[in-house]
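See below for the structure under consideration.
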Amino acid sequence: MFIPFNSLVAQLSKLKLPISRTKELHAFIIKTHLSQDPFYATKIIRFYALNNDIISAHKVFDKTPHRTIYLWNSLIRGYARAHKFRNAFSLFNDMLHSQIMPDNFTYACLVKASSENFDLHSLRVLHGGVVLSGLRLDFICSSQLVSAYSRLGCIADASKVFSGITEPDLVLWNSMLSGYGGLGELEKGIALFSKMQIMGVRPDEYSMVGLIMTIDDSSVLETGEAIHGFCLKLGVESNDHVTSLLVSMYSRCKCIDSAFIVFGSLVEPDLVTWSALISGISLCGDSVNALDFFREMNMKGGKADASLIANVLTACTQLANVQPGIEIHGYAFRHGYHSEVMVSSALLDMYSKCGFLEFGYQVYETMVFKNIVSYNSIISSLGLHGLASHAFQIFEKALEEGHKPDEATFSALLCACCHAGLVNDGREYFRKMKDHFGILANTEHYIYMVKLLGMEGQLREAYELVQSLQEPIDSGIWGALLSCCDAHRNYELADIVACRLFGNKLENSSYRIMLSNMYASDGRWDLVNKLRVDSEITKLKLPGKSWITIAESRIRSCERRWDRSNCLVTKGNVIIKSVDHPKATVKGLDVWRLEEILDHKFSCPTNLLLQEKKKTLWQHKASKLKLVFGIVLILLQSDNYAACDEILVTASFLNAGRQQLLEKYSCKGFSIMIT
């Protein structure tokens with residue numbers, strides 16, 4: 001094989017070559033005795049590293065006697081790119097003991113590697129090396145230091161580095177803006193952007209990217225729209241990165257119409273933009289549309305990544321419909337993403353919240369790599385299904401494997417204690433969280449503790465816990481205590497809690513309605529009228545929505561305020577006159593009013609449930625009504641009337657056997673999701 005010299009240089013000057021071509025060039029360089037020339041060796045090392053063959057790259061390095069700074073940097077960059085950070089720093093130490101001194105590119109590469117490895121200590125050591133090497137004012141090093149400190153949440157350190165540069169270039173300005181954007185520091189980002197313009201630096205698309213990232217709440221939507229207008233003025237709105245971030249920005253602000261407009265302006269949206277739109281739609285609670293857009297993306301040839309698959313699985317979880325979740329699971333498997341941690345964790349969560357805990361547990365068992373997020377998912381799933389002791393075992397296993405629990409871990413554990421009524425275990429985990437792991441309790445932790453204590457009748461201790469918190473106390477904590485007062489009919493404490501809630505100028509009317517129902521139970525109708533006379537209050541509380549999916553037909557329920565007198569089960573017919581329900585017919589059933597089914601066959605007093613420390617579906621008749629509809633329509637399609645007596649028995653059977661009921665009919669070819 002002969003390669004002319006001009007052709008060889010042209011080949012080596014390319015940005016990337018396939019591994020086969022790299023090996024051909026390497027063989028030719030060895031044959032022509034050019035392999036000992038650091039110029040050619042550096043090029044070959046870079047190509048091997050880009051093809052993820054870091055072993056061959058290191059062999060070339062070892063066989064090159066004359067090592068330049070470019071040769072060292074190529075291999076260090078290769079290890080850093082492959083996330084083999086220990087090897088990169090080991091090579092850097094070898095370099096320090098050689099005759100070659102690191103330059104600005106060496107430090108910039110390792111600074112970036114430190115941030116990607118979340119290694120703040122190494123970052124500070126490298127920063128010291130930059131200063132000692134006289135590179136403190138170097139733009140390349142400074143930009144990477146600003147980006148690295150920002151990524152690790154050390155925005156004050158990033159600002160100090162930036163302030164140390166007398167005349168920062170555009171890249172450095174953009175790095176600082178991105179730093180503020182990543183942490184949502186809107187005011188500081190706007191101030192820096194204004195200063196940038198005052199100093200005569202013209203922003204580009206990367207400047208706008210940093211600024212857009214600071215908009216993360218609907219309260220600052222007007223500022224976001226102004227930034228969008230500035231993008232139009234600069235002419236950077238067609239940039240893919242800018243467009244995808246604008247879609248994300250409007251989605252975060254729950255302004256999905258504007259997100260659609262921006263998305264529609266693109267001729268060929270890329271994966272990032274599709275992901276931004278689908279994630280935004282899911283964030284806004286429109287899971288059906290999120291799945292529809294995911295299907296559209298695939299039909300147009302788009303390929304999802306692990307992050308998008310995880311987001312789509314979250315949409316399936318919101319629907320509580322396992323069928324599309326199974327389809328996405330198959331998609332992830334076919335494209336090799338099923339073993340990714342974020343996908344596996346999302347699958348686990350989806351299966352368990354759709355009522356198929358066994359499938360979720362199988363996903364957990366087959367996970368190749370588990371991190372604390374994976375453990376949090378399985379602990380939460382087991383806790384929600386009442387398997388607290390099993391959740392505790394998983395937690396101990398995570399500790400044995402060296403995983404460090406976080407806030408979400410203890411939220412899952414306390415939630416498990418709530419569902420199982422394990423007060424002592426809850427107290428112990430709450431204590432360990434602070435004393436053993438140094439994690440300060442947040443609002444969610446206090447809500448679980450208040451519910452745990454209050455639902456078990458220890459209202460005084462729950463109230464004292466709330467009183468011990470610093471003002472202002474989150475309304476969710478007071479609301480949890482109010483629900484406990486409601487459960488135990490403690491109207492005296494409920495009055496005190498209500499004063500604190502309404503003193504906080506509560507806008508969520510659900511607590512007012514809860515209190516109104518409590519007053520009605522106590523016969524204090526004057527207070528009921530006082531609370532509910534204002535029609536605007538009741539408008540604030542949206543009625544619940546639900547649906548039942550049987551086979552491929554989804555029956556979306558109407559509001560839970562059903563007029564049950566219009567729902568009849570007669571010997572020949574099931575007539576459902578609610579707005580969203582079709583007429584259905586079932587043969588072979590006795591004449592029953594649906595209300596009689598609910599009140600007689602399915603009744604289970606709330607007080608009895610509390611005494612038995614059972615947390616069931618049957619505290620709300622709407623849940624019972626949904627199940628009745630599901631059963632009736634299954635009978636309609638299956639012609640299995642003998643199952644009627646088996647199904648319509650007692651609440652205890654239905655509560656204990658809900659999972660078995662779903663699996664039973666799923667095996668018969670019927671997909672029933674009761675949510």
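List of remarks:
- Number of the exception - S163 against (1) more than 21 Å from D217 (Cα to Cα); (2) at pLDDT below 85: (2)
- Qualifying residue in the range 66-77 (condition: out of contact with any helix residue (DSSP H, G or I) (no Cβ under 8 Å at 6 or more places or on another chain) and either of a type in the set (A, V, I, L, M, F, W, C) or at pLDDT 85 or above (or both)): no
- Scanning the range 376-393 for residues that are surrounded by 23 or more Cβ atoms within 10 Å (Cβ to Cβ) and among the hydroxyl-bearing types (S, T, Y) yields S377, S381.
- Looking only at the range 237-260, and only at residues there that are part of a loop (DSSP other than H, G, I, E, B) and either hydrophobic (A, V, I, L, M, F, W, C) or touching a Leu at 6+ places or on another chain (Cβ under 9 Å) (or both), the one that is most open to solvent (accessible area, probe 1.4 Å): K254
- Identity of the residue in the range 49-58, surrounded by 15 or more Cβ atoms within 10 Å (Cβ to Cβ) and over 36 Å from the mean Cα position of the chain (by Cα), that ends up farthest from L17 (Cα to Cα): H58
- Residues that are closer than 19 Å to W274 by Cα, over 12 Å from the mean Cα position of the chain (by Cα) and part of a helix (DSSP H, G or I) within the range 300-323 comprise A306, C316, listed in sequence order.
- Those residues of the range 60-78 which are open to solvent by less than 20 Å² (accessible area, probe 1.4 Å) and either of a type outside the set (A, V, I, L, M, F, W, C) or touching a strand residue (DSSP E or B) at 6+ places or on another chain (Cβ under 9 Å) (or both), in sequence order: T64, N73, S74, G78
- Put simply, of V368, V267, V343, V272 the only residue that is open to solvent by 10 Å² or more (accessible area, probe 1.4 Å), in a helix (DSSP H, G or I) and aliphatic (A, V, I, L, M) is V272.
- Selection status of V373, open to solvent by 50 Å² or more (accessible area, probe 1.4 Å), in a helix (DSSP H, G or I) and at pLDDT below 90: yes
- Those helices (runs of 4 or more DSSP H) of the range 18-71 in which 2 or more residues are closer than 22 Å to M95 by Cα, free of Cβ contacts under 8 Å to residues at least 40 places away in the same chain and aliphatic (A, V, I, L, M) occupy 38-50, 54-62.
- Pairs are defined by a Cβ separation below 6 Å, a sequence spacing of at least 6 or placement on different chains, a first member in the range 231-259 that is over 15 Å from G285 (Cβ atoms), and a second member that is acidic (D, E) and not in a loop (DSSP other than H, G, I, E, B); the pairs so defined are V236/E205; N239/E205; V242/E205.
- Answer residue from the range 87-107, given it is more than 14 Å from R67 (Cβ to Cβ) and small (G, A, S) and is surrounded by the fewest Cβ atoms within 10 Å (Cβ to Cβ) among those: S90
- Only one of the numbered conditions (1) in contact with a His (Cβ under 9 Å, 6 or more places away or on another chain); (2) more than 22 Å from E396 (Cα to Cα) is violated by V363, and that is (2).
- Residues of the range 476-503 satisfying the condition of being outside any helix (DSSP H, G or I) and either of a type in the set (A, V, I, L, M, F, W, C) or on the phi < 0 side of the Ramachandran plot (or both): N490
- In this structure, L357 qualifies as in contact (Cβ under 8 Å) with a residue 40 or more places away in the chain, among the hydrophobic types (A, V, I, L, M, F, W, C) and farther than 20 Å from G476 by Cβ.
The values are calculated or read from the model by the stated rules, or taken from the named source; none is laboratory data. Computed from a prediction, not measured in an experiment: that's the story for all the values here. Backbone-built Cβ (ideal geometry, glycine too); neighbour counts: all protein chains shown. To get the accessible areas, we keep the full protein, side chains included, count just its heavy atoms, and leave off ligands, DNA and RNA. Shrake-Rupley method; radii C 1.70, N 1.55, O 1.52, S 1.80 Å.
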